[in-house]
1. Based solely on its DSSP helices, what 222 nm [θ] is calculated for the chain when runs of n ≥ 4 H residues each add -39,500 (n - 2.57) and the sum is averaged over all residues, nearest 500 deg cm²/dmol?
2. Would you mind pulling out the separation of the Cα centroids of segment 1-33 and segment 51-105, in Å?
3. How many nm is it between the label spots at Tyr21 and Ser58, if each spot is 7 Å from the Cα in line with the beta carbon?
4. Quick one: how many Å² of Trp10 are accessible to a 1.4 Å probe, rounded to 10?
5. Can you pull out the trypsin sites (Lys or Arg not before Pro) in segment 14-123 that DSSP calls coil and that have at most 16 other Cβ atoms within 10 Å?
6. Got a sec? Charge dipole of segment 1-66, +1 on Cβ for Lys and Arg, -1 for Asp and Glu; which of Cys54, Gly22, Phe4 is way out at the positive end?
7. May I ask for the percentage of alpha-carbon pairs in the chain that lie more than 24 Å from each other?
8. Just to verify a number: what accessible area does Asp3 come out at with the full protein assembly present, 1.4 Å probe, Å² rounded to tens?
Amino acid sequence: MQDFRKLLVWPKAQQLNHRLYGTTNAFPRLEWFSRTGQIRRAATSITANLAAGCGRGSDADFSRFVQMAMGSACELESHLELAKDLKRISFIEPHTILGHLIEVKRMLSDMLTRLATRHPSAKLKTDR
């Protein structure tokens with residue numbers, strides 16, 4: 001078990017949460033229970049899954065939660081692309097927010113690679 005706050009990716013993802021909460025405040029009220037909520041839930045899910053994974057007992061369990069955080073990051077990216085297309089995010093915002101998200105995804109990917117290299121049993125099965 002480890003402290004999730006000590007992960008390099010957690011504060012980066014938390015910064016992204018803060019930024020997105022501010023950005024989505026400007027979304028139309030009509031979208032608060034749809035797009036705004038989806039964006040906020042996906043972003044929050046990244047940090048929540050990292051924290052939950054840190055509370056697990058094995059690298060395999062931790063790796064599974066990091067994988068779920070990556071899934072949430074991909075979901076968030078999709079929501080942000082739509083928000084950009086619908087012009088809900090100002091012209092400059094998509095580049096900085098999406099850049100920040102891509103950095104978080106890269107860090108999650110590196111973490112998964114290190115976990116799989118250190119502990120092959122922590123590698124997730126992807127074929128079905």
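The values are calculated or read from the model by the stated rules, or taken from the named source; none is laboratory data. Here the structure is a predicted model, which is why all the values come from computation and not from measurement. In this analysis, Cβ positions are derived from the backbone assuming ideal geometry, glycine residues included, and neighbour counts consider all displayed protein chains. For accessibility, only protein heavy atoms count, side chains too; no ligands or nucleic acids. Shrake-Rupley method; radii C 1.70, N 1.55, O 1.52, S 1.80 Å.
1. Values: 4 runs with 89 residues, N = 128.
Value at 222 nm, helices only: -24500 deg cm²/dmol.
2. Taking the Cα centre of each part, segment 1-33 and segment 51-105 sit 9 Å apart.
3. 3.6 nm
4. The value for Trp10 is about 40 Å².
5. Numbers: sites: Arg19, Arg29, Arg35, Arg40, Arg41, Arg56, Arg64, Lys84, Lys87, Arg88, Lys105, Arg106, Arg114, Arg118, Lys123; in loops: Arg56, Lys87, Arg88, Lys123.
Loop-located and lightly packed - Arg56, Lys87, Lys123.
6. Most positive-ward Cα: Gly22.
7. Numbers: 2470 of 8128 pairs.
Cα-Cα pairs in the chain separated by more than 24 Å: 30 percent.
8. Asp3 exposes around 60 Å² with every protein chain in place.
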